[in-house]
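Asker: Quick one: the structure is below, and I'll ask about it shortly.
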Amino acid sequence: MKKTISIGEVLLDVYTKDGISQVEVGGASFNVACSIAAIKDNQSYFMGALGSDKYTTEINKIIHKFNLEKDFIKTYSAPNTIAKVTLDAKGERNFNFLRKSDNKFKFSRINQDSLNDLNFVHFGSATAFLRGKLRTSYKKMLAYCLANEIKFSFDPNFRDKL
């Protein structure tokens, strides 16, 4: 069994489809963790912050559905982060992030012993390089990977508005 961690954000994508407002659980890093968890014989962890608002129950349903490990999810009293998605004239997506809980995640609160037997770490980047504790946590997790020769990937997921 492979033990993987995907560090980054879980958030709500809010968009309009056919004139109706839609809300979907998203976040590139969270999506990667769920995808890895869906593959048999993987132990997949999401490392990041979960807020406390009306969407938390829906996020927890997805965590349960994919049997995602919760050891590295920290819950904060702030609302979950929202990505407002709009389409431009060419149909390209634009994102406006209302950052809340994702920014509060602190790697220093992680028990280092719980990282034993770690095989792989995925770094998503949509909100990772903005100011805040999540950015600091990325740097600490990367240093941990390098010091312990743990393989990792990085998803640039570039957003020019960020």
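Asker: With springs only between Cα atoms under 10 Å apart, run a GNM on the chain and tell me which of Phe95, Phe107, Phe46 wobbles the most.
Answerer: Maximum among the listed residues: Phe95.
Asker: Keeping all protein chains in place and using 1.4 angstrom, which order do Ile7, Ile62 fall into by accessible surface area, from largest down?
Answerer: Ranked from most to least accessible, the order is Ile62, Ile7.
Asker: Among Asp102, Asp113, what's the order by accessible area (1.4 angstrom probe), most exposed first?
Answerer: Asp113, Asp102
Asker: Calculate how steeply helix 28-38 sits against the longest principal axis of the alpha-carbon atoms of the chain, using the helix alpha-carbon long axis, and give the answer as 0 to 90 degrees to the nearest 10.
Answerer: Tilt of helix 28-38: around 60 degrees.
Asker: Nearest 5 percent is fine: what portion of the DSSP beta bridges confined to the chain is antiparallel?
Answerer: The antiparallel fraction comes to roughly 35 percent.
Asker: Give me the angle, in degrees from 0 to 90, between the Cα long axis of helix 56-65 and the longest principal axis of the Cα atoms of the chain, rounded to the nearest 10.
Answerer: With rounding to tens, the tilt is 60 degrees.
Asker: Pulled fully out, how much extra length does the chain show between Met1 and Gln112, if you take 0.36 nm times their separation in residues and subtract their Cα-Cα distance?
Answerer: Stretched out fully, the Met1 to Gln112 stretch lengthens by 38.0 nm.
Asker: Report the accessible area of Thr16, computed with a 1.4 Å probe over the heavy atoms of all protein chains in place, in Å² rounded to the nearest 10.
Answerer: Taking all protein chains as shown, Thr16 has close to 100 Å².
Asker: How about segment 28-108: which GluC sites (Glu not before Pro) there are in a DSSP loop, with at most 11 other Cβ atoms within 10 Å of their Cβ?
Answerer: Those satisfying the criteria are Glu92.
Asker: Roughly how tilted is helix 133-147, in degrees to the nearest 10 and between 0 and 90, from the longest Cα axis of the chain?
Answerer: Orientation of helix 133-147: about 30 degrees from the principal axis.
Asker: What Kirkwood Rh does segment 1-85 have if only Cα atoms enter the pairwise 1/r average? Answer in Å.
Answerer: 13.2
Asker: For Val23 and Phe154, what is the calculated FRET efficiency with R₀ set at 25 Å and r taken between the beta-carbons, to the nearest 0.05?
Answerer: Efficiency, rounded to the nearest 0.05: 0.35.
Asker: Do you know the relative contact order of the chain, to the nearest whole percent, from alpha carbon pairs under 8 angstrom that are 6+ apart?
Answerer: Answer for the chain is 25 percent.
Asker: Taking the square root of 5 times each eigenvalue of the Cα gyration tensor, what semi-axes in Å does the equivalent ellipsoid of the chain have, largest first?
Answerer: Square roots of five times the eigenvalues give 26, 17, 15 Å.
Asker: Which order do you get for Arg93, Arg135 if you rank them by accessible area with a 1.4 Å probe, largest at the top?
Answerer: Arg93, Arg135
Asker: Could you please state, rounded to a whole Å, how far the C-alpha centre of segment 6-22 is from the C-alpha centre of segment 32-62?
Answerer: Rounded to whole Å, the Cα centres lie 15 Å apart.
Asker: Compute the FRET efficiency between Asp71 and Leu142 as 1/(1 + (r/R0)^6), taking r as their Cβ-Cβ distance and R0 = 22 Å, and round to the nearest 0.05.
Answerer: Calculated transfer efficiency: 0.70.
The values are calculated or read from the model by the stated rules, or taken from the named source; none is laboratory data. Values in this document were obtained by computation on a predicted structure and should not be read as measured data. Please note: Cβ atoms are built from the backbone with ideal geometry, for glycine as well, and neighbour counts cover all protein chains shown. Ligands, DNA and RNA are stripped out before the accessible areas are found, and what is left, the full protein with its side chains, is counted by its heavy atoms. Shrake-Rupley method; radii C 1.70, N 1.55, O 1.52, S 1.80 Å.
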